[in-house]
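See structure below.
The values are calculated or read from the model by the stated rules, or taken from the named source; none is laboratory data. Remember, it's a predicted structure, so these values are computed and weren't measured experimentally. Every residue, glycine among them, receives a Cβ derived from its backbone with ideal geometry; neighbour counts consider all protein chains shown. Calculation scope for accessible area: heavy atoms of the full protein, side chains included, ligands and nucleic acids excluded. Shrake-Rupley method; radii C 1.70, N 1.55, O 1.52, S 1.80 Å.
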Amino acid sequence: MNILCIDAGTSGMRGIVFDHLGERICEHRETYRPVYRKNGWVEQDPADWERALYRILRRVAAEALVTVDVISFTAFRSSVIPVDENIRPLCPAIMWQDKRADVLCERMREKNERVAALCGARIHPVFSGAKMRWIRENAPDIYEKTFKFMVAADYLLFLMTGEICTDHTYGSRSNLMNLRKAEWDEELLSIFHVERSRLCPLILPGSVCGYTTGSLQRATGFPAGVPVITAGGDQQCGALGQGVVKPGILSVTAGTGGFLITNADRVPEGLDGRIICNASSVRGQYILEYSMLTCCSAYDWFRKEWFGDISFEEMERRLGQTSPGAHGCLCTPYFMGRSTPDWNKGARGAFFHLSADVTKWDMMRSLLEGLCYEIDNGIEILGNYVRPSTILVNGGLTNSYLFNKMQTDIYGKKIVRRGRADATARGALIAALVSFGVYDNEAEAFAVISEKDRVEVYHPDERMKRFYADNRKRMNQLYEGCHFFEETVR
């Protein structure tokens, strides 16, 4: 069996054809980027995704030696595309980073605890429910024409199959789905002023949502009749592709944003809102998530603004010459606000304790250390629910040996980086292999496809752990000290 795994990310889409042993047959990538507006709006033309999808399918179809038996699809979560009855977008997609619903969410603050109890997360503009209500209140003409609200995955799955659906992993990122019942919740719909009829039907992740159509074949040359699986959201698939197949394993993704994910067999009692509980790509399981709105994106911003076109290798070399602790410089890495644990949209990135002997290289190091301190905050909070025995790391920043050494020393725990940077696509592969009965369960599938992985293991230096623990405490104190100011200026 050959499986085409399509991973639609925030800045690009890739399609990788694997066989049932996880061997990579071919790979194709297309790039695009959202539009970042000065008012905090972040939008994307859905046509960008359509073009990327069709180009990938054309290139796979053109390779005579490749026969695809299944397509398994995963995408970023929480975007919103209102579409008409012909499934034509009525406006640009509102992306997950978009902040236009900030004020609306502030008005709804008193509903936070009830919403979190039902859906596993507090009200926040990153989730799609607030975006839908914003459209109703601020663009009523678009709302009235809306046949369905879709996330990017729903729209692209429709383009391939002609079917309308969304799976539980995307539903659980909306503030609208009852997490325990896995269905749209009338009370939540009432709170967000969204009608059930405008939402896509919910299905299980790992389900066949349809088959490639004749119209898709005419547009791309890709064969009709190929089953298409919705594998779940990208972070769920990324954790699965890393090996988060049972409780006690923690995935840390240092990508555009930062995500800490571990599995749970049930929704924990007494969730206090400091973490997010979502549906997992593994049927019948849940994920506990701690998230950061900026991670690699903060690194990229600082590198571009301060260092221009410097190569990754030169950046790594120069950062390696800096001292741990960055000559006392500390960074609070909240460049787009803070999500978990306190959902403070007024938080900001800031550098503290600058002195004449602090260089721009020290500042970059302090930013990386600050990201690790925030991840360590998340590890500590998640430890109240699941004690992680293994920490697996992935994402763009983990290409840096220096960053990985920081991670293991700051967390005081062994970390493991496995294989290539394709965990999300491999999670989609696992979902398809289990769905079609090639393997009995996700753990078995992961064991087979990861057998030949190159594994990097990093061990902590206990002396550095104590040093960094003091700095993490200082960073948290600085954040708390600025908290009132941030609330005031907001």
Checklist entry - the range 403-422 to the range 102-159: how many Å between their Cα centroids? => result 35
Next on the checklist: Placing unit charges on C-beta atoms (Lys and Arg positive, Asp and Glu negative, everything else neutral), compute the dipole magnitude of the range 300-392 about its Cα centre in debye, rounded to 20.
Outcome noted: 200
Checklist entry - How many percent of the accessible area of the chain is carbon or sulfur, using a 1.4 Å probe? => result 50
Next on the checklist: I'd like to check one number: the per residue accessible area of the range 367-490, probe 1.4 Å, reported in Å² as a whole number.
Outcome noted: 45
Checklist entry - How do 208-221, 118-131 rank on mean C-beta neighbours within 10 Å, highest first? => result 118-131, 208-221
Checklist outcome for this item: Rounded to whole angstrom, the alpha-carbon centroid of the range 46-79 lies from that of the range 339-384 at a distance of 37
Item to check | Lys/Arg +1, Asp/Glu -1 at C-beta; the range 101-199 dipole; positive extreme among Leu159, Gly120, Val194 | outcome: Gly120
Item to check | Ranking by accessible area, most exposed first, for Asp102, Asp300, Asp154, Asp470 with a 1.4 Å probe | outcome: Asp470, Asp300, Asp102, Asp154
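With every protein chain present, what is the per residue accessible area of the range 1-113 (1.4 Å probe, Å²)?
About 44 Å² of surface per residue is accessible.
With the cut-off at 24 Å, tell me which of the pairs Lys99/Lys473; Lys99/Lys181; Lys38/Lys131; Lys304/Lys473 have Cα atoms farther apart than that.
Details: Lys99/Lys473 29 Å; Lys99/Lys181 29 Å; Lys38/Lys131 18 Å; Lys304/Lys473 29 Å.
Long pairs (Cα-Cα over 24 Å): Lys99/Lys473; Lys99/Lys181; Lys304/Lys473.
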Next on the checklist: Taking the Cα centre as origin and putting +1 on Lys and Arg beta-carbons and -1 on Asp and Glu beta-carbons, what dipole magnitude results for the chain, to the nearest 20 debye?
Outcome noted: 540
Item to check | Accessible area of the range 198-240 divided out per residue, in Å², using a probe of 1.4 angstrom | outcome: 30
Item to check | Cross-link reach list, aspartates and glutamates versus Lys413, counting only Cα pairs under 20 Å and skipping chain neighbours closer than eight places | outcome: Glu289, Glu369, Glu374, Asp376, Glu380, Glu456, Asp461, Glu462, Asp470
